[in-house]
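Student: Next up is a structure, given as structure tokens.
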Amino acid sequence: VAGLDVEKVRKDFPILGTQVHGKPLVYFDNGATTQKPQVVIDAEARYYENYNSNVHRGVHHLSQVATNAYEQARQTVASFINAAHSHEIIFTKGTTDGINLVANAMSRRFLKAGDTVIISAMEHHSNIVPWQIACEDNGATLKVIPINEKGELQMEAFKAMLDETVKIVAVTYVSNTMGTINRVEEIIELAHAKNIPVLIDAAQAIQHISIDVQALKPDFLAFSGHKIYGPTGTGVLYGTTEWLNKLPPYQGGGDMIKTVTFAKTTYNELPYKFEAGTPNIAGAIALAAGIEYLQGLGLEKVQQYEEELMTYALQELRKIDGLRLIGDAAHRSGAISFLVHNIHPFDMGELLDQQGIAVRTGHHCTEPLMDLFRIPGTVRASLSFYNTKEEVDKLVAGVKRAASMLL
Ligand code: PMP
């Protein structure tokens with residue numbers, strides 16, 4: 001099979017043809033958000049131009065067209081991750097929203113004093129703080145799976161933590177800071193052996209790794225639309241029918257109810273029980289367009305190309321004098337974090353920006369991880385299938401030039 005035709009693919013993304021500070025844009029901040037192909041932009045516009053209407057409400061024509069498109073988007077997501085039922089797909093605002101939904105509902109129904117919630121040392125703040133709040137509200141304890149110096153989870157320590165007080169394990173599939181791919185299959189198996197549910201933060205995995213929820217068997221899995229070529233303000237929470245039925249609703253309002261009286265309200269069935277209020281209709285439809293676009297490219301081709309690019313980028317970056325990788329896991333995807341000598345990441349980021357190269361600098365919403373490494377932050381380059389080896393070369397040259405100016 002032929003590989004990915006990157007030059008052709010790049011033309012699908014209008015922004016990739018633009019300039020920054022008079023230089024062609026080199027976009028290596030895909031972990032923060034990915035760029036959007038024209039088909040996604042068009043899908044969003046088409047909704048507003050042709051069938052803007054509220055869903056699940058009107059008998060009128062436009063409302064039915066909008067409802068059909070919104071529910072079709074749910075089907076697209078369901079088949080993308082191979083969910084057993086489309087009602088296991090809850091549309092959210094993003095990963096943060098999905099995790100908060102689960103943490104809030106678990107907190108109100110399933111956590112009590114003495115219980116434990118397990119997360120890991122490499123979690124994004126959005127998979128730390130909601131659990132901290134849930135623990136504080138119930139007198140429960142947050143425990144953290146430690147990592148080794150390469151930025152890999154210590155599985156023996158995790159096994160030892162799994163006692164009868166543990167009510168949920170919430171871990172990221174891929175680290176947004178270090179790119180570590182965690183052994184989530186094993187984590188889920190170990191937890192399930194003790195009847196403990198598992199939430200997977202797939203924010204940095206969904207765009208790089210094919211996920212089959214019926215094979216992987218997470219109880220919950222959350223991701224953001226904007227990191228998988230879809231619009232901001234969209235996201236997905238997958239939950240098993242069993243768990244979604246067990247959880248109480250998160251927000252109350254329109255659409256999530258069956259009947260309302262002042263004495264008692266009964267809740268709607270899945271997935272509507274968790275979708276209070278008018279959803280981001282255009283966003284969900286455009287997110288499905290992004291997923292279809294990715295499927296159209298061929299996930300295997302995309303993955304293979306991204307792996308090649310990652311290997312090349314690591315090989316070239318390692319040659320830079322004084323460059324230290326932060327996190328050097330054997331299995332990795334997406335993000336590469338580094339520091340050069342004692343140069344502050346912000347200074348490096350600014351000089352790269354002047355050359356048209358977009359990277360992320362700072363703690364990447366993983367402050368506890370930065371504390372572990374005793375650093376204020378990193379420079380992070382995060383890759384997508386539309387990046388090229390030439391762009392990697394520009395990044396490497398840019399880092400060298402910046403270092404020569406700053407040292
Ligand atoms: N988890 C991880 C691993 C992430 O990388 C991010 C986004 N940086 C989030 C959660 C939060 O995603 P969002 O801001 O889209 O809700």
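Student: Is the C-alpha gyration tensor of the range 179-232 telling us rounded, prolate or oblate? Criteria: a/c under 1.5 is rounded; beyond that, a/b larger than b/c is prolate, otherwise oblate.
Tutor: Note, shape of the range 179-232 comes out prolate.
Student: Oh, and also: Given the pairs Lys167/Lys258; Lys167/Lys301; Lys227/Lys258, which span a C-alpha to C-alpha distance of over 32 angstrom in this model?
Tutor: Those over the limit are Lys167/Lys301; Lys227/Lys258.
Student: Measuring with a 1.4 Å probe in the full set of protein chains, what accessible area per residue, in whole Å², belongs to the range 184-309? Spell out each step's value before the answer.
Tutor: Details: 4930 Å² over 126 residues.
With all protein chains present, the range 184-309 gives 39 Å² per residue.
Student: What order do you get for 108-119, 48-59 when each peptide is scored by the mean count of other beta carbon atoms within 10 Å, highest first? Intermediate results must be reported in sequence, preceding the final value.
Tutor: Values: 108-119: 17.0, 48-59: 13.9.
My ranking of the peptides, most packed first, is 108-119, 48-59.
Student: Same structure, new question: Output the peptides 27-36, 340-349 sorted from most to least packed, where packing is the average of other Cβ atoms within 10 Å over each peptide's residues.
Tutor: Details: 27-36: 22.2, 340-349: 17.0.
Final packing ranking: 27-36, 340-349.
Student: Here's another thing I want to ask about it. In square angstrom, what is the accessible area per residue of the range 31-159 with a 1.4 angstrom probe?
Tutor: Roughly 44 Å² per residue, with all protein chains present.
Student: Using only the alpha carbons of the range 307-407, what is the convex hull's orientation-averaged projected area in square nanometres?
Tutor: The orientation-averaged projected area of the Cα hull of the range 307-407 comes to 6.1 nm².
Student: Whole number please: convex hull volume per residue, Cα atoms of the chain, in Å³.
Tutor: In the chain, the Cα convex hull volume per residue is 147 Å³.
Student: Just the projected area, averaged over all directions, of the convex hull on the alpha carbon atoms of the range 206-300: how many nm²? Could the numbers behind the result be given before it?
Tutor: Details: hull surface 27.8 nm².
With the hull built on Cα positions only, its mean projection is 7.0 nm².
Student: Moving on. Taking Cα centroids, how far is the range 1-44 from the range 324-379 in Å?
Tutor: Spelled out, the Cα-based centre of one part sits 23 Å from the other.
Student: Counting only protein heavy atoms, what percent of the accessible surface of the range 82-218 is carbon or sulfur at a 1.4 Å probe? Mind showing how you got there, number by number?
Tutor: Working: 2470 of 5070 Å².
Its accessible area is 49 percent carbon and sulfur atoms.
Student: In terms of the Cα gyration tensor, with a ≥ b ≥ c the square roots of its eigenvalues, is the range 20-104 rounded because a/c is under 1.5, prolate because a/b exceeds b/c, or oblate? Intermediate results must be reported in sequence, preceding the final value.
Tutor: Values: a/c = 2.29, a/b = 1.34, b/c = 1.71.
Since a/c reaches 1.5 but b/c is at least a/b, the shape of the range 20-104 is classed as oblate.
Student: What ranking do 219-226, 233-240, 146-153 get when scored by the average of other Cβ atoms within 10 Å per residue, highest first?
Tutor: Averaged packing, sorted descending, gives the order 219-226, 233-240, 146-153.
Student: Under 1.5 on a/c is rounded, so check that first for the range 127-222, then, if it is not, pick prolate when a/b is larger than b/c and oblate when it is not; a ≥ b ≥ c are the square roots of the alpha carbon gyration tensor eigenvalues.
Tutor: Here the range 127-222 falls in the rounded category.
Student: Output wanted: per-residue J couplings in Hz (rounded whole) for the range 187-201, from phi through Karplus 6.51 cos²θ - 1.76 cosθ + 1.60, θ = phi - 60°, x for Gly and Pro.
Tutor: 4, 5, 4, 5, 5, 5, 4, 10, 6, 9, x, 10, 9, 10, 7
The values are calculated or read from the model by the stated rules, or taken from the named source; none is laboratory data. Not measured: the values here are computed from a predicted model. With ideal geometry, Cβ positions are generated from the backbone for all residues, glycine too; neighbour counts draw on all protein chains shown. These accessible areas exclude ligands, DNA and RNA; they are computed on the full protein's heavy atoms, side chains included. Shrake-Rupley method; radii C 1.70, N 1.55, O 1.52, S 1.80 Å.
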